[in-house]
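K.L.:
Here it is, the structure, as structure tokens.
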Amino acid sequence: MTAHQQTLQLANGPAMWLFCILTIGLVFFQAWIFLRTGRQYASVCNVTRLDVKRSLRAGTISTLGPALSIFVVGLGLIANLGSPLTLARLSVVGNAAYEASAAEMGALATGTSINSADYTMVAFTASVWVMNLGGICMLLSTLFFLKPLDRLTKAISHKTHKGLLIGLSASLASFGYFVVDYADRDIRNLVAAVIGFLGVRIFYHLSARTKAKWLKEWALALSILAAVIVVMLIP
């Protein structure tokens, strides 16, 4: 039995499942809190039950596309890091590419790789530390800067419509940066980004022309699926 196999035995053991299930349970608890709070304020904001139902359905559908890529990368992480840690990390952060690179950096610091036969518990522990420390930095930025930015946006919105413009610009800049960085690495990545962009535009156009609302709701998931299929066909 290799060191990696021994590590996976411990990584899939009862102790790991116990601690990781607590983390996963916290995510579900937070989702329930947000759902309950949203329903409480729905009447205050003149949001009908039908609007709430439609929002839940649209939100559920819109997560299927990104979840597809996370699922594929997650399978590789399960094979190298075990099921409990993979499920816990992807439940909290949801960025499979980050988790894979963070785990690899932790392993490299000990002189090995996450898919190497000599991936010991020491290397596994280093991977867990890097993955969690990176996640903590993301949470700290939200903790310290969310409220100040919210107050700033509200202050600007009371005077002009620039608050909406700032939020929209920030979103476009953030997503645009990641798309350009991803597309610049390889021709397949570029094709995937272009197909995804065109796919969303096409499905939105078809939804408006045919009055089929489900096309608009499924636009993101279908566009990601189309991009995956096209990239797979590239020799």
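The values are calculated or read from the model by the stated rules, or taken from the named source; none is laboratory data. Quantities reported herein were computed from a predicted structural model and do not represent experimental measurements. All Cβ positions, even for glycine, are placed from backbone atoms using ideal geometry, and neighbour counts span all protein chains on display.
K.L.:
Based on what the data block shows, is Met105 within 23 Å of the chain's Cα centre (by Cα) and either surrounded by 11 or more Cβ atoms within 10 Å (Cβ to Cβ) or at positive phi (or both)?
P.N.:
Considered against the rule, which asks whether it is within 23 Å of the chain's Cα centre (by Cα) and either surrounded by 11 or more Cβ atoms within 10 Å (Cβ to Cβ) or at positive phi (or both), Met105 comes out as yes.
K.L.:
Condition (residue is part of a loop (DSSP other than H, G, I, E, B) and either among the β-branched types (Val, Ile, Thr) or in contact with a Gly (Cβ under 9 Å, 6 or more places away or on another chain) (or both)) applied to region 64-84: is it met by at least one residue?
P.N.:
Yes: one or more hits.
K.L.:
Please give the number of the condition Ile70 fails out of (1) free of Cβ contacts under 8 Å to residues at least 12 places away in the same chain; (2) within 25 Å of Phe175 (Cα to Cα).
P.N.:
It fails just one condition, (1).
K.L.:
Kindly check whether there is at least one residue in region 17-24 that is surrounded by fewer than 17 Cβ atoms within 10 Å (Cβ to Cβ), over 23 Å from the mean Cα position of the chain (by Cα) and assigned to a helix (DSSP H, G or I).
P.N.:
Yes, there is a match, as at least one residue in region 17-24 is surrounded by fewer than 17 Cβ atoms within 10 Å (Cβ to Cβ), over 23 Å from the mean Cα position of the chain (by Cα) and assigned to a helix (DSSP H, G or I).
K.L.:
Give me a count of the residues in region 85-98 that are more than 19 Å from Gln30 (Cβ to Cβ), buried (at least 18 other Cβ atoms within 10 Å of the Cβ) and not aliphatic (A, V, I, L, M).
P.N.:
Adding up the residues that qualify gives 1.
K.L.:
Please give the number of the condition Gln30 fails out of (1) at positive phi; (2) part of a helix (DSSP H, G or I).
P.N.:
In the conditions (1) at positive phi; (2) part of a helix (DSSP H, G or I), Gln30 misses (1) alone.
K.L.:
Confirm whether Gly38 is touching a Leu at 6+ places or on another chain (Cβ under 6 Å), closer than 30 Å to Val179 by Cβ and touching a residue at least 12 places away in the same chain (Cβ under 8 Å).
P.N.:
No; evaluated as a whole, the condition is false for this residue.
K.L.:
If you check Ser62, Ser113, which single one turns out to be over 25 Å from Ala221 (Cβ atoms) and either outside the structural domain of His4 (by TED's automatic domain parsing) or touching an Asp or Glu at 6+ places or on another chain (Cβ under 9 Å) (or both)?
P.N.:
Going through Ser62, Ser113 in turn, just one is over 25 Å from Ala221 (Cβ atoms) and either outside the structural domain of His4 (by TED's automatic domain parsing) or touching an Asp or Glu at 6+ places or on another chain (Cβ under 9 Å) (or both): Ser113.
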